[in-house]
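Student: Dropping the structure in here first, questions after.
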Amino acid sequence: MGEIEDAIERADREGFTKEPPKTLKAQIGYLLKQLGSARAVAQELGVTADSVNRYRRGARKHARADVAAKIDDAVRRRWQPQVRKRRQRQAATTGGITVETRARFGYTAPIGTTDDGRFRRLTVHLPPHYAQRLFDARDTGASDRQMRGIIAEGLKEVYFQDGGARAAGLLDVEINDIDYLDLEY
């Protein structure tokens with residue numbers, strides 16, 4: 001996963017209305033319901049189907065640390081899909097998306113203006129159509145670079161050009177080095 005996709009996933013998890021299962025047995029039970037078979041769960045986690053069945057029965061109370069992390073991640077990625085969809089639909093239609101980042105921005109601007117990239121810390125609320133484009137791009141398997149482009153375009157319009165009130169000659173904005181990026185919707 002790229003940085004933008006990770007940020008979307010973190011934002012989705014903030015909206016959970018109920019905590020996901022915590023015990024190994026409950027987590028494996030949930031994954032079995034979602035994926036349908038021990039073989040499918042085993043393939044997802046990179047373990048054997050026998051190990052999955054031992055976890056399910058409670059014969060093994062603890063998984064190795066790397067496997068436990070994979071199990072937790074697999075559960076959280078599938079947890080409360082309807083809550084995720086509802087929040088994303090709201091962001092894409094009425095709420096918009098807030099981007100908080102510290103990154104190096106590059107500019108393409110007319111001659112006589114600065115186009116030196118520099119780190120900036122920004123918290124900017126983008127309109128709903130940028131949220132819709134971002135979610136659509138992620139759902140169609142867009143690269144991290146393409147999703148960065150969508151966010152950069154939104155920041156250009158809302159922050160750098162202030163909706164057309166300034167920096168009219170600014171042609172392009174790029175997000176080059178991301179120190180951190182968080183999304184909220």
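The values are calculated or read from the model by the stated rules, or taken from the named source; none is laboratory data. Remember, predicted model here, so these are calculated numbers, not experimental data. Glycine also receives a Cβ, built like all others from the backbone with ideal geometry; neighbour counts cover every protein chain displayed. To get the accessible areas, we keep the full protein, side chains included, count just its heavy atoms, and leave off ligands, DNA and RNA. Shrake-Rupley method; radii C 1.70, N 1.55, O 1.52, S 1.80 Å.
Student: In whole Å, what is the distance between the alpha-carbon centres of the range 5-51 and the range 140-154?
Tutor: So the separation of the two Cα centres works out to 27 Å.
Student: Tell me the Rg and the Dmax, in Å, that the Cα atoms of the range 2-73 produce.
Tutor: Final numbers for Rg and Dmax: 13.2, 39 Å.
Student: What is the angle, in °, between the Cα long axis of helix 128-139 and the longest principal axis of the Cα atoms in the chain? Nearest 10 is fine, range 0 to 90.
Tutor: Approximately 50 degrees, to the nearest ten.
Student: Can you pull the Kirkwood radius for the chain, inverse mean 1/r over Cα pairs, to one decimal in Å? Working shown, then result.
Tutor: Working: mean 1/r = 0.0535 Å⁻¹.
One over the average 1/r among Cα pairs gives 18.7 Å for the chain.
Student: Per residue, how many Å² of accessible area does the chain show with a 1.4 Å probe?
Tutor: Numbers: 10400 Å² over 185 residues.
Value returned for the chain: 56 Å² of accessible area per residue.
Student: Sticking with this one: Give the residues of the range 116-135 whose amide nitrogen is closer than 19 Å to a point set 7 Å from the Cα of ASP177 in the direction of its Cβ.
Tutor: Output list for this probe position: 116-122.
Student: Lysines near LYS22 by alpha-carbon distance under 21 Å, same-chain residues fewer than 8 away left out - which ones?
Tutor: Cα-Cα hits under 21 Å: LYS33, LYS61, LYS70.
Student: Per the 1.4 Å probe, what fraction of the accessible area of the chain, in percent, lies on carbon and sulfur atoms? Display every interim value, and only then the final one.
Tutor: Working: 4880 of 10400 Å².
Reported share for carbon and sulfur atoms: 47 percent.
Student: Run the 1.4 Å probe and let me know the accessible area of LEU32, rounded to the nearest 10 Å².
Tutor: 30
Student: Another question, then. Could you derive backbone 3J(HN,Hα) for the range 19-35 from the dihedral phi with the Karplus parameters 6.51, -1.76 and 1.60 (θ = phi - 60°), listing whole Hz in sequence and x where the residue is Gly or Pro?
Tutor: Result, rounded to whole Hz: 6, x, x, 10, 7, 4, 4, 5, 5, 5, x, 5, 5, 5, 5, 6, 9.
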